[in-house]
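Below is one structure, written out as structure tokens; comments come after it.
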Amino acid sequence: MTHPAVARIETHSEAHMPDALSPQPSEARKILWALDRQLWTPQTLVALDAQGNPLGVTLIAGRPLTNYRKIVDVFAANDEVFGALIDAVLADPGASVLGIAPLVVHFEEHIALEPLSASRRALLGERGFVAAPAPVPSVPSTRAGDPNEVAVWSRWNTSRPVRLAPYYGQTTEVTCGAVASLMALEQRGAGAFNTESLAENRATEIATWRRATNLPACEPIGLAVEVANSGTAKGLLPSLPSVFLSATGPVLIEEFSSEESERALRIDLQLESLRQAEALRIPIERRWLEVDEIAALVSGGAELLLLIDLTLLINDPTPHWVLASDFVDGSLIISDPWVQYPNGETWADTFALPIPLESIDRITRWGDPSYRGVIVLPG
């Protein structure tokens, strides 16, 4: 597409808001741009006129080891400049650390800061962007009327995922396993979430965590027991979930190595979970599930809860549960309950996160020596 007023696009490998922009962005917008996104490989595109004056600017970013890019913001003098910047992003959306073109570009609309006009929504639509399904009220960016609320528009450069869970972001630091399992069952029609009530959703989140927790983490077998009780009993699963765990003994007890009584309590909890799993006849395989097996299971219609290490994704050395619900063009489509908001993340980053198999192989490891934990919800 041609944009006569825009003579060229200038690229910066950082967040860069030109001082000469006219009009100047608001202070709230400048704060959005000033957040530390270095790990997310930020890139700025500036639209310049023939005299080199800035007409508009856009900021894009995305998690490492993943296969998406997010348009964080577009500040443009008019619709023509807005369109030119979107076209520039789509022409070269910024090489990820993987060195491959992203499967999807998400546009993040900041409702309170800069809601899209009808004409700009139309411009996105002309370029293949479609509105993402509304999330479940949970973290601030999902909440209607919240100052941090965002809407998301997505342009998939390949086939779109057809199995995507209703997105809910965990509202505590410890409920990732509960939330990942709730999203998986919600995709199957559980109806546990309320599209209007944050309070009811949080009550569901915390109650699920209390049933599954190993204090504070959810270990694979205990979480599988909760999924079996919630999903199979309600007819949401055709058969019991199964567990693949390469460790032969209790897991996720590393932080209690110097507190024997606390460690013993977690071991007792896991032994009780194992007793319950055996009573329910949940299949448990004590082996390392390879990533090609993971891909085959998801491609065959299963949902997988994956135990991952967040270090490589957001520089947080923490065990964490995510949901894999689809497989598209070599990448698992992940619903990640955790939104790293201090670094500018919103649900746009986490509701449909494509992660290539080679990255999945790197992040689905925890412990020393490392082990892999996977829960399979049959299709």
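The values are calculated or read from the model by the stated rules, or taken from the named source; none is laboratory data. Because the structure is predicted, anything quoted here is derived from the model rather than measured. Here the Cβ positions follow ideal geometry from the backbone for every residue, glycine too, while neighbour counts run over all protein chains shown.
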* Failed item in (1) in contact (Cβ under 8 Å) with a residue 60 or more places away in the chain; (2) surrounded by fewer than 24 Cβ atoms within 10 Å (Cβ to Cβ); (3) polar (S, T, N, Q); (4) outside the structural domain of V72 (by TED's automatic domain parsing), with T171 passing the rest -> (1)
* **Residue that is nearest to S331 (Cα to Cα) [pool: residues in the stretch 119-158 that are hydroxyl-bearing (S, T, Y) and surrounded by fewer than 19 Cβ atoms within 10 Å (Cβ to Cβ)]** => T158
* Tell me, please, whether a residue that is among the acidic types (D, E), assigned by TED's automatic domain parsing to the domain that holds A228 and under 18 Å from W40 (Cβ atoms) can be found in the stretch 310-321. => yes
* Output the residue which, of all residues in the stretch 198-253 that are among the charged types (D, E, K, R), surrounded by fewer than 22 Cβ atoms within 10 Å (Cβ to Cβ) and under 19 Å from P166 (Cβ atoms), is nearest to the chain's Cα centre (by Cα). => R202
* Structure fact -> Residue hits (the stretch 139-170; of a type outside the set (A, V, I, L, M, F, W, C), outside any loop (DSSP other than H, G, I, E, B) and under 15 Å from L353 (Cβ atoms)) are S141, S154
* Structure fact -> Conditions (1) closer than 24 Å to R160 by Cα; (2) free of Cβ contacts under 8 Å to residues at least 12 places away in the same chain; (3) part of a loop (DSSP other than H, G, I, E, B) -> G379 fails only (2)
* Which one is nearest to the chain's Cα centre (by Cα) among residues in the stretch 117-138 that are under 8 Å from W153 (Cβ atoms) and part of a loop (DSSP other than H, G, I, E, B)? -> A132
* At least 1 residues that are under 30 Å from L39 (Cα atoms) and in contact (Cβ under 8 Å) with a residue 12 or more places away in the chain in each: list the strands (runs of 3 or more DSSP E) lying fully within the stretch 235-349 that qualify. => 303-309, 319-328, 331-335
* Selected residue (criterion: farthest from Y168 (Cα to Cα)) from residues of the stretch 335-359 that are touching a helix residue (DSSP H, G or I) at 6+ places or on another chain (Cβ under 8 Å) and hydrophobic (A, V, I, L, M, F, W, C) -> L357
* To do: Look through V328, V376 and report the one residue that is farther than 23 Å from G62 by Cβ, out of contact with any Gly (no Cβ under 9 Å at 6 or more places or on another chain) and of a type outside the set (S, T, Y).
  => V376
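This table checks each residue for (1) of a type in the set (D, E); (2) at pLDDT 95 or above; (3) more than 30 Å from S335 (Cβ to Cβ).
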| position | (1), (2), (3) |
| --- | --- |
| E262 | yes, no, yes |
| I267 | no, yes, yes |
| E272 | yes, yes, no |
| R275 | no, yes, yes |
| P283 | no, yes, no |
| R286 | no, yes, no |
| E290 | yes, yes, no |
| I294 | no, yes, no |
| S299 | no, yes, no |
* **Residues of the stretch 75-90 classified as surrounded by 24 or more Cβ atoms within 10 Å (Cβ to Cβ) and free of Cβ contacts under 8 Å to residues at least 40 places away in the same chain, total** => 0
